[in-house]
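Heads up: the structure comes next, in structure tokens.
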Amino acid sequence: MRLRGLLVGTVTAALALSMTACGDKGNDAGTNPPVNTEAKFDEGTTMATLQKAGKVTIGTKFDQPLFGLKGLDGKPAGFDVEIGKLIAAKLGISADKIEWVETPSKIREEVIEQGKVDFVVATYTINDKRKERISFAGPYYEAGQDLMVKKDSDIAGPEALKAANAKVCSVTGSTPAEKIKQYVDAANIVLFDVYSKCADALRTGQVQAVTTDNVILLGLIDASKGDFKLVGKPFTKEPYGIGIEKGDTKFCEFIHKTLSESSAEYEKAWKDTAGKVAPETPKLPTLATCS
């Protein structure tokens, strides 16, 4: 496993506005889980390599309130970030030895394949197409695709989009951008690189809806100060996984063991982040077979 870094891109002005709306308080959330200083791993495994290096590079998103949002201190915060910290701690690596790399949807497989990150926790839906290039551990959470609209919108579900001739925004390379095609004419799908730009387009009337996973939308709604609302009719199941190098079965099994044995840490991670808008802690989904 290569441990090279990736230069972090410039955060968009839209994201800066989103953080201001949140008061940046979300980036104080979460804690640093206890580090397993007694961890021992078989020589040659990814776990042993990372433990010996004493550092880890994790890909996550920087524009996703409650899951991965970069703060004014330059550090991301959110549920994905806490899951990343938990895995690092079980490797014997403290949170201050994590390098966080901004990983938008369209480059997630690329940074794993190129060894620019050691793993990716970035609202990353497990699907067969992606498994052709990388492997997944998890899922650690199951979301559902939904719609975000202006608070006075009459759009009541995806079936209403075509009749309303609505323009819908999502992110390039994301699963939601593919799934929405069955409800909207291709000419009415607007794609950006980050969801904060979709939120801006909704605010200014360039689009009439934004679609992605419900918890991501709840974060954007929380940042909007009442301008947006969730339609509340999820129409997919989106199992979030942790992206790793293809075929690294031992690392996958280690992550599964970490998740299975960390129910208290999992609950705290949720309550400190996404639990602010979705108070009920989700149940850890059934973990898939490592391959």
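Computed quantities for the displayed model
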quantity: Residue that is touching a Cys at 6+ places or on another chain (Cβ under 6 Å) and part of a helix (DSSP H, G or I), where the choices are CYS252, CYS290; calculated: CYS252
quantity: Residues that are more than 16 Å from the chain's Cα centre (by Cα) and assigned to a strand (DSSP E or B), drawn from the stretch 67-113; calculated: ILE98, GLU99
quantity: Within the stretch 170-246, helices (runs of 4 or more DSSP H) holding 3 or more residues that are over 28 Å from GLY115 (Cβ atoms) and at pLDDT 95 or above; calculated: 195-203
quantity: Any hit, the stretch 27-35, residues being modelled with pLDDT of 90 or more and surrounded by 15 or more Cβ atoms within 10 Å (Cβ to Cβ); calculated: yes
quantity: Qualifying position, being at positive phi and either assigned by TED's automatic domain parsing to the domain that holds THR211 or surrounded by fewer than 17 Cβ atoms within 10 Å (Cβ to Cβ) (or both), among ASN188, ASN165; calculated: ASN165
quantity: Flag if GLY157 is in contact (Cβ under 8 Å) with a residue 60 or more places away in the chain and over 21 Å from the mean Cα position of the chain (by Cα); calculated: yes
quantity: The stretch 114-143, subset in contact with an Asp or Glu (Cβ under 6 Å, 6 or more places away or on another chain) and in a loop (DSSP other than H, G, I, E, B), residue surrounded by the fewest Cβ atoms within 10 Å (Cβ to Cβ); calculated: ARG133
quantity: When residues of the stretch 72-113 are limited to those that are at pLDDT below 95 and in contact with a Ser or Thr (Cβ under 7 Å, 6 or more places away or on another chain), the one surrounded by the fewest Cβ atoms within 10 Å (Cβ to Cβ); calculated: LYS106
quantity: Residue match in the stretch 123-141 (condition: among the acidic types (Asp, Glu), out of contact with any helix residue (DSSP H, G or I) (no Cβ under 7 Å at 6 or more places or on another chain) and outside the structural domain of LYS97 (by TED's automatic domain parsing)); calculated: no
quantity: Filtered residue count, the stretch 40-57, keeping only those that are of a type in the set (Gly, Ala, Ser) and at negative phi; calculated: 2
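The values are calculated or read from the model by the stated rules, or taken from the named source; none is laboratory data. All of these numbers come straight from a predicted model, not from anything done at the bench. All Cβ positions, even for glycine, are placed from backbone atoms using ideal geometry, and neighbour counts span all protein chains on display.
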